[in-house]
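Worksheet for the structure shown next.
The values are calculated or read from the model by the stated rules, or taken from the named source; none is laboratory data. Source: prediction; values computed, not measured. So basically every Cβ, Gly included, is an ideal-geometry build from the backbone, and we count neighbours across all protein chains shown.
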Amino acid sequence: MSQLWSPAVRALTPYVPGEQPRERLVKLNTNENPYPPSPAVAQVLRDIDTEQLRRYPDPDSRALRETLAETHGVAPEQVFVGNGSDEVLAFAFQAFFCQPRPLLMPAISYSFYPVYCKLYDIAYRTVALDDRWEIALDAFDGDNGGVVFANPNAPTGHGHPRAEIARLLSRIQDSVVLVDEAYVDFGGESAVPLVADHPNLLVTGTLSKSRSLAGLRLGYAIGSRELIEGLERVKNSFNSYPVDMLASAVAIAALNDREHFKRCCQQVMDTREETRRSLVELGFEVLPSQTNFLFTRHPQFAGETLFAGLRERGILVRHFNRDGLSDFLRISIGTDEEMRELITALEAMI
Ligand code: PMP
């Protein structure tokens, strides 16, 4: 450990993402989409005018922000874009949550949130989930320097209806409420329509999951002009948006292919429900999910044992060794064939 690092960096335990194996495994551990992105993406990449690459990209990312604005029914000035929603979240934490009062977050949610808090020296307080493993929104009180949670939540999978987010916003008006909608397209209800009446609501989204573009690193935030301006203040480099020309062109093509998007999301949701039925038949408890993953445990087998057994059989799922979650597996929804392989492997182990 270097003495040249700042104290916050020295004390930091970095977020450990799911393994990206080199061998061929059935990979159900990082909630990637099992289907390729829209064919329009390949077309854009084939047609790209490489001569244009000698130029810097549009500093305002105008075309991309316009497309996202149209997709979500807001104005382009209400859209911020970045390299994955992880980067957008980092900007948001810096812009809004460095406050005297603590940031509130669920005790179980995306594990990047506490990492950002430690990195940016943000005080935070966690709120326990309720006994159904759902975020206890009513327990988020007004005494806070901000609120952040994923909706639907990860790794549990439950999504709150918009009306419940609206109820939270009616109580919390003097700090930023950040709703991370990385998984909302798999059956959740977006809070974006609430942005019009709530200047303190910021919603983040990503093209990594429902648009099959995790490799592209494209995320965004939608909020009032006031919040977007706050994010713009902290973004760096020549006062320009951090999205490159290729990513921008690819993202626009993917966003405009709504048919492909809807079809893929529906397929993932159908496979999820089929997988749920099979897991229940094997004796698993499966939490309700509005995401592209299932959070599940078996009354007779430790999560670690199941994880290791699946790994031996060439199937990679996610197991968390923390927060009382160690009984559970988080299983991303793959193709029907991949899920059949998963169920066959579990049948052999149980
Ligand atoms: N939020 C949540 C809840 C996530 O699970 C993830 C993906 N790990 C992200 C945000 C970040 O996604 P990306 O940076 O790929 O947009």
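Inside the range 315-329, can you point out the residues that are outside any strand (DSSP E or B) and either surrounded by 19 or more Cβ atoms within 10 Å (Cβ to Cβ) or not polar (S, T, N, Q) (or both)? If the condition is that a residue be outside any strand (DSSP E or B) and either surrounded by 19 or more Cβ atoms within 10 Å (Cβ to Cβ) or not polar (S, T, N, Q) (or both), then 317, 319, 320, 322, 323, 324, 325, 327, 328 are the ones that fit.
Table: residues versus (1) small (Gly, Ala, Ser); (2) away from the ligand (no atom under 16 Å from the Cβ); (3) at pLDDT 95 or above.
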| position | (1), (2), (3) |
| --- | --- |
| 107 | yes, no, yes |
| 111 | yes, no, no |
| 130 | no, yes, yes |
| 136 | yes, yes, yes |
| 141 | no, yes, no |
| 150 | yes, no, yes |
| 155 | no, no, yes |
| 162 | no, yes, yes |
| 168 | no, yes, yes |
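Taking residues in the range 1-19 that are within 30 Å of residue 315 (Cβ to Cβ), and partners anywhere that are of a type outside the set (Ser, Thr, Tyr) and exposed (fewer than 11 other Cβ atoms within 10 Å of the Cβ), not one pair has Cβ atoms closer than 8 Å while being at least 6 places apart or on different chains.
Table: residues versus (1) over 27 Å from residue 243 (Cβ atoms); (2) away from the ligand (no atom under 15 Å from the Cβ); (3) of a type in the set (A, V, I, L, M).
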{"site": "165", "(1), (2), (3)": "yes, yes, yes"}
{"site": "173", "(1), (2), (3)": "yes, yes, no"}
{"site": "191", "(1), (2), (3)": "no, no, yes"}
{"site": "200", "(1), (2), (3)": "no, yes, no"}
{"site": "212", "(1), (2), (3)": "no, no, no"}
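Considering (1) in a loop (DSSP other than H, G, I, E, B); (2) within 16 Å of the ligand (Cβ to nearest atom); (3) of a type outside the set (Phe, Trp, Tyr), the lone condition that residue 236 does not fulfil carries the number (2).
Candidates 155, 242: the one that is assigned to a loop (DSSP other than H, G, I, E, B) and closer than 13 Å to residue 88 by Cα is 242.
Here residue 224 meets the list (1) in contact (Cβ under 8 Å) with a residue 60 or more places away in the chain; (2) small (Gly, Ala, Ser); (3) out of contact with any Pro (no Cβ under 9 Å at 6 or more places or on another chain) almost entirely, failing just condition (3).
Taking first residues from the range 35-51 that are touching a residue at least 24 places away in the same chain (Cβ under 8 Å) and partners that are assigned to a loop (DSSP other than H, G, I, E, B) and among the acidic types (Asp, Glu), the Cβ contacts under 7 Å between residues at least 6 apart in sequence or on separate chains come to 38/257; 40/257.
Could you check the range 209-221 and list, in sequence order, the residues that are over 17 Å from residue 35 (Cα atoms) and out of contact with any Asp or Glu (no Cβ under 9 Å at 6 or more places or on another chain)? Correct list: 218, 220, 221.
Yes or no, residue by residue, for (1) within 18 Å of residue 77 (Cα to Cα); (2) touching an Asp or Glu at 6+ places or on another chain (Cβ under 9 Å):
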position	(1), (2)
199	yes, yes
207	no, no
230	yes, no
234	yes, no
242	yes, yes
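All of 243, 192, 203 fail the test of being over 22 Å from residue 162 (Cα atoms) and either in contact with a strand residue (DSSP E or B) (Cβ under 7 Å, 6 or more places away or on another chain) or surrounded by fewer than 16 Cβ atoms within 10 Å (Cβ to Cβ) (or both), apart from 243. The residues of the range 7-48 that are surrounded by fewer than 11 Cβ atoms within 10 Å (Cβ to Cβ) and either part of a loop (DSSP other than H, G, I, E, B) or within 16 Å of the ligand (Cβ to nearest atom) (or both), listed by number, are 13, 14, 16, 20, 22, 23, 24. Restricting attention to the range 259-281, does a residue exist that is over 20 Å from the mean Cα position of the chain (by Cα) and not in a helix (DSSP H, G or I)? Checked the range 259-281: no residue is over 20 Å from the mean Cα position of the chain (by Cα) and not in a helix (DSSP H, G or I). Here is the figure for the range 61-89: residues that are charged (D, E, K, R), crowded, with 16+ Cβ neighbours inside 10 Å and more than 16 Å from the ligand (Cβ to nearest atom) total 1.
Within 14 Å of the ligand (Cβ to nearest atom) and surrounded by 23 or more Cβ atoms within 10 Å (Cβ to Cβ): is that true of residue 218 in this structure? Against the criterion (within 14 Å of the ligand (Cβ to nearest atom) and surrounded by 23 or more Cβ atoms within 10 Å (Cβ to Cβ)), residue 218 qualifies.
Taking the range 262-314 as the range and being among the aliphatic types (A, V, I, L, M) and either in contact with a helix residue (DSSP H, G or I) (Cβ under 9 Å, 6 or more places away or on another chain) or loosely packed, with under 14 Cβ neighbours inside 10 Å (or both) as the test, the residues that pass are 268, 269, 279, 280, 282, 286, 294, 302, 306, 308, 310. Quick check on residue 165: is it assigned to a loop (DSSP other than H, G, I, E, B) and among the aliphatic types (A, V, I, L, M)? No: the conditions fail for residue 165.
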